[in-house]
Amino acid sequence: MTAIANLVQQKTVSTGTGALLLSPAAGCRSFAEAFGTGGNDMFFYCIRHRSAGEWEAGTGHMSDAATLVRDSVISSSNGG
């Protein structure tokens, strides 16, 4: 089942379509804290570029404490 949690936010400088290496965002919980790691806990995510009009929403899981694996892109500014 796909999970939802409040006050979860992290940063990344990763690009492309693969997994994202995440770093902490001050005052927010990490995805690993909210959902666990190991691939069993799938959750919804939303990514947005800080200054460009680029974004993506989908489902994913944490393979470890700092790596978000995108399981399925639901929609994006790049046509999904």
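The numbers here are math on the coordinates, done by the rules we state, and not lab data. Keep in mind it's a predicted model, so treat the numbers as computed, not measured. Note: ideal-geometry Cβ built from the backbone for every residue, glycine included; neighbour counts use all protein chains shown.
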- Query: To the nearest 20 debye, what is the magnitude of the charge dipole of the chain about its Cα centre, counting +1 on the Cβ of each Lys and Arg and -1 on the Cβ of each Asp and Glu?
  - Reply: 220 debye
- Query: HN-Hα J couplings of region 17-33 from phi, Karplus 6.51/-1.76/1.60, θ = phi - 60°, integer Hz, Gly and Pro as x?
  - Reply: 10, x, 5, 10, 7, 9, 10, x, 10, 4, x, 10, 7, 8, 4, 5, 5
- Rounded to whole Å and sorted largest first, list the principal axis extents of the Cα atoms in the chain. 29, 28, 21
- Rounded to the nearest 20 debye, dipole of region 34-80 from Cβ charges on Lys, Arg, Asp, Glu: 160 debye
- Which one of A34, A52, A25 has the biggest mean-square fluctuation once the chain is modelled by GNM with Cα springs under 10 Å? A52
- Under the Karplus relation 6.51 cos²θ - 1.76 cosθ + 1.60, θ = phi - 60°, what is the ordered set of whole-Hz ³J(HN,Hα) values for region 37-51, x standing for Gly and Pro? 10, x, x, 8, 10, 7, 9, 7, 9, 9, 10, 9, 6, 5, 10
- Phi angles of region 62-75, converted by Karplus (6.51 cos²θ - 1.76 cosθ + 1.60, θ = phi - 60°) into ³J(HN,Hα) in whole Hz with x for Gly and Pro, give 9, 7, 8, 5, 10, 10, 8, 9, 7, 8, 8, 8, 8, 7
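Quick one: compute the contact order of the chain, relative version, from alpha carbon pairs under 8 angstrom and 6+ residues apart, as a percent.
On the way: 159 pairs, mean separation 21.8, N = 80.
Normalised by residue count, the contact order of the chain is 27 percent.
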- Message: Going by amide H atoms built from the backbone, whose H comes under 5 Å of the H on K11, apart from near neighbours?
- Response: S23, A25
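Just from its helices, what would the mean residue ellipticity at 222 nm be for the chain, if runs of 4 or more DSSP H residues each count -39500 (n - 2.57) and the sum is divided by every residue, rounded to the nearest 500 deg cm²/dmol?
Details: 1 runs with 5 residues, N = 80.
It comes out at -1000 deg cm²/dmol, rounded to the nearest 500.
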